[in-house]
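Read the structure below first, then the notes.
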């Protein structure tokens, strides 16, 4: 059976989010499941992207890399989210579950669930892959916060991961901005929208 890549256009703001899942040969061999090789999985999730790309017919936006990927992939042209809020929408995608409470509609849904000690198993499809021999690496804004940790916009980086059971590694370099949120809302000079309270020139 021929392997196909699938792109799912969601919503994009300014940050590309990449989730990379690599096959762990040792783990599979230990479990005696390596009857045939499993594919590596590259899942690209984007925060706040409208279909303003060449592969969707936009002739102004230059998106050669995504367009090249789209030519080898399945491109969805009639895709809908289950929740209008971006963080909650991604949680629904990651868990495969529809929102059932008002908490499930909040961007802080993972923080609230952690505070209320609400647990599901697996917590995401990534944890499911991890428990089946994949080595999982997350890069960027996949759940809600740009670096996968729980903390408010102007606070220091937190120690608790939003999806603690899903990742072998969670990578993010905030550079001169210091934290993931500062980098997400960052300006080129190292300041960010939150600290300046929006008092910046257009």
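The values are calculated or read from the model by the stated rules, or taken from the named source; none is laboratory data. A quick note: this is a predicted structure, and the numbers were derived from the prediction, not measured. Here the Cβ positions follow ideal geometry from the backbone for every residue, glycine too, while neighbour counts run over all protein chains shown.
Couple of notes before you dig in:
- Against the test of being assigned to a loop (DSSP other than H, G, I, E, B), crowded, with 17+ Cβ neighbours inside 10 Å and either out of contact with any strand residue (DSSP E or B) (no Cβ under 7 Å at 6 or more places or on another chain) or without any contact (Cβ under 8 Å) to a residue 60 or more places away in the chain (or both), the options 123, 111, 127 yield a single qualifying residue, 123.
- Every condition in (1) touching a helix residue (DSSP H, G or I) at 6+ places or on another chain (Cβ under 8 Å); (2) closer than 26 Å to residue 145 by Cβ; (3) surrounded by fewer than 11 Cβ atoms within 10 Å (Cβ to Cβ) holds for residue 100 except the one numbered (1).
- Any hit, the range 144-155, residues being in contact (Cβ under 8 Å) with a residue 60 or more places away in the chain and closer than 18 Å to residue 113 by Cβ: no
- Residues satisfying the stated conditions in the range 176-193, i.e. farther than 15 Å from residue 152 by Cα and either in a loop (DSSP other than H, G, I, E, B) or at pLDDT below 90 (or both): 187, 188, 189, 190, 191
- Sub-9 Å Cβ pairs linking a first residue in the range 73-99 that is free of Cβ contacts under 8 Å to residues at least 60 places away in the same chain and on the phi > 0 side of the Ramachandran plot to a second residue that is surrounded by 13 or more Cβ atoms within 10 Å (Cβ to Cβ) and in a loop (DSSP other than H, G, I, E, B), at least 6 apart or interchain, are 96/124, ordered by first then second residue.
- Matching residues, the range 156-171, being touching a helix residue (DSSP H, G or I) at 6+ places or on another chain (Cβ under 8 Å) and either without any contact (Cβ under 8 Å) to a residue 24 or more places away in the chain or on the phi > 0 side of the Ramachandran plot (or both): 157
- Residue 194 in contact (Cβ under 8 Å) with a residue 24 or more places away in the chain, under 16 Å from the mean Cα position of the chain (by Cα), surrounded by fewer than 21 Cβ atoms within 10 Å (Cβ to Cβ) and over 21 Å from residue 44 (Cβ atoms): no
- Residue list for the range 18-58, filter: closer than 22 Å to residue 133 by Cβ, modelled with pLDDT under 80, in contact with a helix residue (DSSP H, G or I) (Cβ under 8 Å, 6 or more places away or on another chain) and surrounded by fewer than 17 Cβ atoms within 10 Å (Cβ to Cβ): 34
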